[in-house]
Structures are given as C-alpha cells and as structure tokens.
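Participant: To start, I am sharing the structure in question, which I have written as structure tokens.
Throughout, read-outs are computed from the coordinates displayed, never taken from laboratory work. Keep in mind it's a predicted model, so treat the numbers as computed, not measured. Positions of Cβ are generated from backbone atoms using ideal geometry, with glycine treated the same way; all protein chains shown enter the neighbour counts.
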Amino acid sequence: MQHFDSAPSCACCSGFLHRRIDRRALLRGAGAAVAVGIAMPHFAVAASGHYEAMILACIDPRLQEPVHAYAEKRHLIGQYSQFVIAGAAIGVVSPKFADWHKAFWDNLAVSIELHDIKSIIAIDHRDCGAAKIAYGEAKVADPGVETETHKAAMAEFRKQVGERQPKLKVETLLMALDGSFVSFD
C-alpha cells in the first residue's frame, strides 16, 4: 500500500490524496476502464485516426437533433468530425461572411490531416437566418427560390472544395426542419 504525505495544492483533492490505495482497488479501476473501452470502442479512438467524413452544419439549434439523426442513419456516429457555422455552406462561401472562410478551410485541412477523412457532407437548411443575411429576404421567401439559393451556394461550395481539396468526396444537402432533405449531388 502507498500513502501520499504531501499536501495537496487545491481543496478539491485534499481528501483523495491522503487516502490509501490498495492493489484490489487499483485493479478494479483498471478493469472498469477496460470494460468501458470494449463497450464503447468509438470513444476510445485517439484524436488522430481514420474517420469517414466531416459534417458541415448550421449553428441553428433546431438542426442539431436532425443532423445527429442523419449521422446516425448513415452509421457515422464516432466516425466524423464536425464544423458548425452560421449558414453551413453559405457561411463558407458567401462574401457577406468572408472573415469566416479561412477558419473553415484551415479546420478542414486539419481534419484531413488528423482524421484522414474521405468526404465532406454539407447540410444547409430551410428557414436559415444566415441565408437571409447573406442573400436578402427575397432569395429565401419562396420555397422554390430558397431551394435555388441553397443550390447555388452548394454548387459554389462544391467548386471551392474541389479546388482546395480535390481528393474529397462532397455531399450537399438541404434539410427541412423536420429532418427530411433534398440532395444536390
């Protein structure tokens, strides 16, 4: 058994550091850690590794669950990195948000380097406030015009990805608030 006699540097650890640690307790803790690693292997993956994709999505709170459900349906849980920005692809390509562009492209390059991703899935959504800011109310007021506005932004996004990261597969989706979507692929 080992006993720590040094005084702790913070109040939160003071009781812990003066307790005795026996081998059985240590082995039980190690066994629990191994069991968790086996039960949930996708959580045990290191920061670097091989992942399927990056999902680019909007910050809108209404989309968080539908985007997660989409990733789950595609069997991507634990297999994707994520970048969330107002407008999703619109936030990456619209001149209105030019100051944000570098952050996205740098993050994508790092995700490719660290996670060896093979594709990027851009998910824009209907009734997007960033689309209104970027292109004006008239470009999103009617569902047909709204679809064409997102389709054009996604085409520009696809073009820019092709120029910067030509090996990446690009998927572009326009998601409704109910989780249904139109693919622009």
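Participant: What's the total number of residues in region 92-124 that are of a type outside the set (Val, Ile, Thr) and under 15 Å from the mean Cα position of the chain (by Cα)?
Facilitator: If we filter region 92-124 for residues that are of a type outside the set (Val, Ile, Thr), which is where we start, we get 94-109, 111, 113-116, 118-119, 122, 124.
Narrowing further to those that are under 15 Å from the mean Cα position of the chain (by Cα): 103-109, 111, 114-116, 118-119, 122, 124.
Total satisfying the criteria: 15.
Participant: Enumerate the helices (runs of 4 or more DSSP H) found wholly within region 60-131, keeping only those where 3 or more residues are of a type outside the set (Gly, Ala, Ser) and free of Cβ contacts under 8 Å to residues at least 12 places away in the same chain.
Facilitator: In region 60-131, 64-73, 98-115 are the helices (runs of 4 or more DSSP H) which contain 3 or more residues that are of a type outside the set (Gly, Ala, Ser) and free of Cβ contacts under 8 Å to residues at least 12 places away in the same chain.
A quick yes/no check of all residues on (1) surrounded by fewer than 22 Cβ atoms within 10 Å (Cβ to Cβ); (2) in contact with a Phe, Trp or Tyr (Cβ under 9 Å, 6 or more places away or on another chain):
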site	(1), (2)
Ile55	no, yes
Val67	no, no
His75	yes, no
Gln79	yes, yes
Val84	yes, no
Ala88	no, yes
Ala98	yes, no
Ile112	yes, no
Cys128	no, no
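Participant: Pick from region 130-167 the residues that are within 19 Å of the chain's Cα centre (by Cα) and over 25 Å from Glu65 (Cα atoms): which of them is surrounded by the fewest Cβ atoms within 10 Å (Cβ to Cβ)? Give the derivation first.
Facilitator: Kept after step one, since they are within 19 Å of the chain's Cα centre (by Cα), are these residues of region 130-167: 130, 154, 157-158, 161, 165.
Within this subset, residues satisfying the condition of being over 25 Å from Glu65 (Cα atoms) are 161, 165.
Values: Val161: 23, Gln165: 16.
Looking at the filtered set, the residue picked out is Gln165.
Participant: Right, here's the next one. For region 94-134, enumerate the residues that are of a type in the set (D, E, K, R) and touching a helix residue (DSSP H, G or I) at 6+ places or on another chain (Cβ under 7 Å). Steps first, answer last, please.
Facilitator: Let us first name the residues in region 94-134 that are of a type in the set (D, E, K, R), namely 96, 99, 102, 106, 113, 116, 118, 124, 126-127, 132.
Once the filter is applied, which keeps residues that are of a type in the set (D, E, K, R) and touching a helix residue (DSSP H, G or I) at 6+ places or on another chain (Cβ under 7 Å), region 94-134 yields Lys96, Asp124, Arg126.
Participant: Right, next: Evaluate region 87-104: report whether one residue or more is farther than 20 Å from Leu63 by Cβ, among the small types (Gly, Ala, Ser) and out of contact with any Ser or Thr (no Cβ under 6 Å at 6 or more places or on another chain).
Facilitator: Scanning region 87-104 turns up at least one residue that is farther than 20 Å from Leu63 by Cβ, among the small types (Gly, Ala, Ser) and out of contact with any Ser or Thr (no Cβ under 6 Å at 6 or more places or on another chain).
Participant: A follow-up question, please. Would you pick out the residues in region 136-171 that are assigned to a helix (DSSP H, G or I) and without any contact (Cβ under 8 Å) to a residue 12 or more places away in the chain?
Facilitator: Glu137, Ala138, Lys139, Gly144, Val145, Glu148, Ala152, Lys159, Gly162, Glu163, listed by residue number.
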